[in-house]
Amino acid sequence: MKPAAEKQRNYYEETAGDYDEMHLHESEHEFALAQLLGIMRYHGFESLLDVGAGTGRVLRHAKHHLNDIKVSGLEPVEGLRKVGYANGLSIEELRDGNALNLIEADNSWDIVCAFGILHHIKDPNKAILEMCRVARHGIFFSDMNNYGCGSYPQRILSQFLRSVGMWKKFQYLKNGFKHEKFSPSDGIFYSYSLFDSLKVIRRKFPQTHISNTKESSNHIFFSSSHISVFAAKSAEALTELSAKAKVGITSK
């Protein structure tokens, strides 16, 4: 039997030609992308690495909306990279790469981002640690919050199971003694919440900003199925970067 990671890669190879059209409905990532572009402009970040870049949508938007920015994306599926090349990205801008073992040097990119890939990885925190390693100033994620999904009773149950440390075991039994699930529109995925990765993120980037990217009540953790997280080293460092960026803007 093929491992889940290989099955997921095969799924993306088979659907590469329809990938962009299949994901047009994902307004949560479009909203998060607007957040990322605003953050980069405000703080004056000059380089961006997108991990799990797919066909390069994030890269194309960053190049279009931000002047003189260095961008690169890592995508392990050749079929998706070919679509990106057909859409105008160069081989240097969209490269082969594995989120669990990044080829980039430590602190080599101002900001590292990932959109909708962490819930496809069995050990998302390992990938996050790699992204934090190569990020100089900060990281940005847009992904799931499984504790905010479903009906009110479902959310109550999932959050109770999380509080007693039984969520993963419950999912394993519910999925027929498997950790992964499968969807025709999304391939293989795992039950995941960015909230469960905050401790890992804050080891290097303790200054975190959390936002709902789907409709939510006042309690994001309880009611939002999708969230974004921007994390940086400190508020002081961000203030200094922002001040330099503003000086650059006014001098032009």
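The values are calculated or read from the model by the stated rules, or taken from the named source; none is laboratory data. Everything numeric here is computed off the predicted structure, so don't read it as measured data. Cβ placement follows ideal geometry from the backbone for every residue including glycine, while neighbour counts extend to all protein chains displayed. These accessible areas exclude ligands, DNA and RNA; they are computed on the full protein's heavy atoms, side chains included. Shrake-Rupley method; radii C 1.70, N 1.55, O 1.52, S 1.80 Å.
Modelled this way, with points 7 Å down the Cα-to-C-beta line, the labels at Phe170 and Asn125 are 1.9 nm from one another.
Taking Lys and Arg as +1 and Asp and Glu as -1, the other residues whose beta-carbon sits under 10 Å from that of His29 total -3. For the chain, find the longest principal axis of its Cα atoms and tell me its angle to the long axis of helix 152-163, 0 to 90°, nearest 10. Computed tilt is about 80 degrees. Taking each DSSP H run with n ≥ 4 as -39500 (n - 2.57) and averaging over every residue of the chain yields -12500 deg cm²/dmol at 222 nm. Entry comment: accessible area of the range 137-179 is 58 Å² per residue, from protein heavy atoms only and a probe of 1.4 Å. At a Förster radius of 41 Å, what calculated FRET efficiency corresponds to the Cβ-Cβ distance of Arg136 and Lys2, to the nearest 0.05? That pair, Arg136 with Lys2, gives E of 0.65.
Charge tally for Ile69 (other residues, Cβ to Cβ under 10 Å; Lys, Arg +1; Asp, Glu -1): 0.
For the range 1-75, the solvent-accessible area with a 1.4 angstrom probe is 52 square angstrom per residue.
Placing a pseudo-label 7 Å from each Cα along the Cα-to-Cβ vector at Ile103 and Ile156 gives an inter-label distance of 5.2 nm. Please report, in debye to the nearest 20, how large the charge dipole of the chain is about its Cα centre when each Lys and Arg carries +1 at its beta carbon and each Asp and Glu carries -1 there. That gives the chain a dipole magnitude of about 880 debye. Protein heavy-atom surface of the range 130-252, 1.4 angstrom probe: 59% of the accessible area is carbon and sulfur, with nucleic acids and ligands not counted. Checking (1) 48, 38, 34; (2) 60, 40, 31; (3) 51, 48, 32 against Cα extents along the principal axes in Å calculated from these atoms, the matching label is (2). Here the label points at Thr208 and Glu46, each 7 Å from Cα along the C-beta direction, are separated by 3.0 nm in the simple model.
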